[in-house]
Amino acid sequence: MKPIDEPLSSLREADSAFHLRCGRHSLDLSFPRVMGILNVTPDSFSDGGQHIGLDNALRHAERMLAEGASMIDVGGESTRPGASAVSEQEELDRVAPVIEALVRELDALVSVDTSSPAVMREACALGAGMINDVRALEREGALGAAASSGLPVCLMHRLGEPQDMQRAPSYDQPVESAVVAYLAERVAACDAAGLRRHRLLIDPGFGFGKTIEHNLRLLKYMSALQVLELPLLVGMSRKSMIGKVLGRPVEERLSGGLALAAMAVERGANILRVHDVGPTVDAVNMAWAVLQEGCETPLNKEKTS
């Protein structure tokens, strides 16, 4: 594995090997991609209830794809701090029609944001191309369901559950070291279950069991996660870390989020999971042009096949 203090330029060159087979789609991660968030929930922290209804969800996804999103992440269970759990059937009822329509009508690469084995299996059957699990396949049956799906899976770090994860979270080591250790354990568990490394991505889990100080340090030293040699997905869009630093409500956090997105790209992020696709694509392209010392940006290249 590469030393964590390797120069960022070398780490970025290493990223060029990442290429994911996502069902019918192929995802080239030799340059950063933007993932558009599509919450079909009534209680998500920034857009709860806005995209309920199949037509609303489809139109929003269509806009995000037109703005440069390489994939759409569909979630039917809010994981914001303090969120209540939903039943497996309720989550299925929310996401299944949307996934089916996105695949059928837009031919979109769809990621399903779920921890539920039943939702993973159904999403796979409906044509989803990726599984994104905030619980890193710890829920009973999730590891087997993900392994048998044949799809890439994103494993996220968290401390606790949504109901209690922000009640004075603490770590007995630097937060970036704790994140690396946890994700390394989950990668090993996946490998033992037949879910090989070439199908895995990792997410440091900004805002999931972390104070504002933890979040800021985690981004500052995020290149430490390169030691795992896996594609890195990052989600900081509109999160409270922006609000607490800048004193901004959810609807005024775009500028702060763009700054974080550019910094994440510099520190090795391969996928940015965001609400505001168009502005983030511009920020990513600008950051990438600087890192590459040239004008060729993701939008100048071929999109997801």
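Out of Lys239, Lys244, Lys220, which single residue is closer than 24 Å to Leu38 by Cβ and surrounded by fewer than 24 Cβ atoms within 10 Å (Cβ to Cβ)?
On the way: Lys244 fails: closer than 24 Å to Leu38 by Cβ; Lys220 fails: closer than 24 Å to Leu38 by Cβ.
Just a single option satisfies the conditions, and that option is Lys239.
From the list Ala192, Ala188, Ala178, pick out the single residue that is surrounded by 14 or more Cβ atoms within 10 Å (Cβ to Cβ), modelled with pLDDT of 95 or more and either more than 23 Å from Asp73 (Cα to Cα) or not aromatic (Phe, Trp, Tyr) (or both). If you could, list the steps in order and put the result at the bottom.
On the way: Ala192 fails: surrounded by 14 or more Cβ atoms within 10 Å (Cβ to Cβ); Ala188 fails: surrounded by 14 or more Cβ atoms within 10 Å (Cβ to Cβ).
That would be Ala178, the only listed residue that is surrounded by 14 or more Cβ atoms within 10 Å (Cβ to Cβ), modelled with pLDDT of 95 or more and either more than 23 Å from Asp73 (Cα to Cα) or not aromatic (Phe, Trp, Tyr) (or both).
Touching a residue at least 60 places away in the same chain (Cβ under 8 Å) and either at negative phi or in contact with a Cys (Cβ under 6 Å, 6 or more places away or on another chain) (or both), is that true of Val277? Can you show your working first?
On the way: touching a residue at least 60 places away in the same chain (Cβ under 8 Å): yes; either at negative phi or in contact with a Cys (Cβ under 6 Å, 6 or more places away or on another chain) (or both): yes.
It is true that Val277 is touching a residue at least 60 places away in the same chain (Cβ under 8 Å) and either at negative phi or in contact with a Cys (Cβ under 6 Å, 6 or more places away or on another chain) (or both).
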Single residue of the stretch 217-264 satisfying the filter (out of contact with any His (no Cβ under 9 Å at 6 or more places or on another chain) and of a type in the set (Ser, Thr, Tyr)) that is farthest from Ser30 (Cα to Cα): Ser240
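Here are Ser9, Ser84, Ser115: which of them is modelled with pLDDT under 90 and either surrounded by 16 or more Cβ atoms within 10 Å (Cβ to Cβ) or farther than 30 Å from Lys220 by Cα (or both)?
On the way: Ser9 fails: either surrounded by 16 or more Cβ atoms within 10 Å (Cβ to Cβ) or farther than 30 Å from Lys220 by Cα (or both); Ser115 fails: modelled with pLDDT under 90.
Within the list Ser9, Ser84, Ser115, the selection yields Ser84.
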Leu109 farther than 28 Å from Glu185 by Cα and under 17 Å from the mean Cα position of the chain (by Cα): yes
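Being within 22 Å of Asn285 (Cα to Cα) and either in contact with a His (Cβ under 6 Å, 6 or more places away or on another chain) or surrounded by fewer than 19 Cβ atoms within 10 Å (Cβ to Cβ) (or both), is that true of even one residue in the stretch 205-213? Step through it out loud before you land on a result.
Of all residues in the stretch 205-213, those within 22 Å of Asn285 (Cα to Cα) come to none.
Looking for residues that are within 22 Å of Asn285 (Cα to Cα) and either in contact with a His (Cβ under 6 Å, 6 or more places away or on another chain) or surrounded by fewer than 19 Cβ atoms within 10 Å (Cβ to Cβ) (or both), one finds none in the stretch 205-213, hence no.
When you scan the stretch 295-304, do you find a residue that is under 28 Å from Arg167 (Cα atoms), modelled with pLDDT under 95 and either touching a strand residue (DSSP E or B) at 6+ places or on another chain (Cβ under 9 Å) or of a type in the set (A, V, I, L, M) (or both), even just one? Walk me through how you get there before you give the answer.
Step one: filter the stretch 295-304 for residues under 28 Å from Arg167 (Cα atoms), giving none.
Scanning the stretch 295-304 turns up no residue that is under 28 Å from Arg167 (Cα atoms), modelled with pLDDT under 95 and either touching a strand residue (DSSP E or B) at 6+ places or on another chain (Cβ under 9 Å) or of a type in the set (A, V, I, L, M) (or both).
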Output for the stretch 195-237, where each listed residue is closer than 15 Å to Ala261 by Cα and touching a Gly at 6+ places or on another chain (Cβ under 6 Å): Ser223, Leu232, Ser237
Residue that is of a type outside the set (Asp, Glu) and in contact (Cβ under 8 Å) with a residue 60 or more places away in the chain, where the choices are Leu254, Leu151, Leu246, Leu232: Leu151
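Test Ala108 against the criterion of being of a type outside the set (Phe, Trp, Tyr), surrounded by 24 or more Cβ atoms within 10 Å (Cβ to Cβ), within 22 Å of Val274 (Cα to Cα) and touching a residue at least 24 places away in the same chain (Cβ under 8 Å), and give yes or no. Reasoning before the result, please.
Working: of a type outside the set (Phe, Trp, Tyr): yes; surrounded by 24 or more Cβ atoms within 10 Å (Cβ to Cβ): yes; within 22 Å of Val274 (Cα to Cα): yes; touching a residue at least 24 places away in the same chain (Cβ under 8 Å): yes.
Against the criterion (of a type outside the set (Phe, Trp, Tyr), surrounded by 24 or more Cβ atoms within 10 Å (Cβ to Cβ), within 22 Å of Val274 (Cα to Cα) and touching a residue at least 24 places away in the same chain (Cβ under 8 Å)), Ala108 qualifies.
Looking at the structure I just gave you, is Glu161 in a loop (DSSP other than H, G, I, E, B), surrounded by 13 or more Cβ atoms within 10 Å (Cβ to Cβ), among the charged types (D, E, K, R) and without any contact (Cβ under 8 Å) to a residue 60 or more places away in the chain? Please lay out each step first, then the result.
Numbers: in a loop (DSSP other than H, G, I, E, B): yes; surrounded by 13 or more Cβ atoms within 10 Å (Cβ to Cβ): yes; among the charged types (D, E, K, R): yes; without any contact (Cβ under 8 Å) to a residue 60 or more places away in the chain: yes.
Considered against the rule, which asks whether it is in a loop (DSSP other than H, G, I, E, B), surrounded by 13 or more Cβ atoms within 10 Å (Cβ to Cβ), among the charged types (D, E, K, R) and without any contact (Cβ under 8 Å) to a residue 60 or more places away in the chain, Glu161 comes out as yes.
Pick out the one residue from Leu155, Leu65, Leu151 that is assigned to a loop (DSSP other than H, G, I, E, B) and either modelled with pLDDT of 95 or more or under 25 Å from Leu272 (Cβ atoms) (or both). Reasoning before the result, please.
Numbers: Leu155 fails: assigned to a loop (DSSP other than H, G, I, E, B); Leu65 fails: assigned to a loop (DSSP other than H, G, I, E, B).
Residue meeting the stated conditions: Leu151.
The values are calculated or read from the model by the stated rules, or taken from the named source; none is laboratory data. Quick caveat: nothing in here was measured; it's all calculated off a predicted structure. Note that each Cβ is placed from the backbone with ideal geometry, even for glycine, and that neighbours are counted across all protein chains shown.
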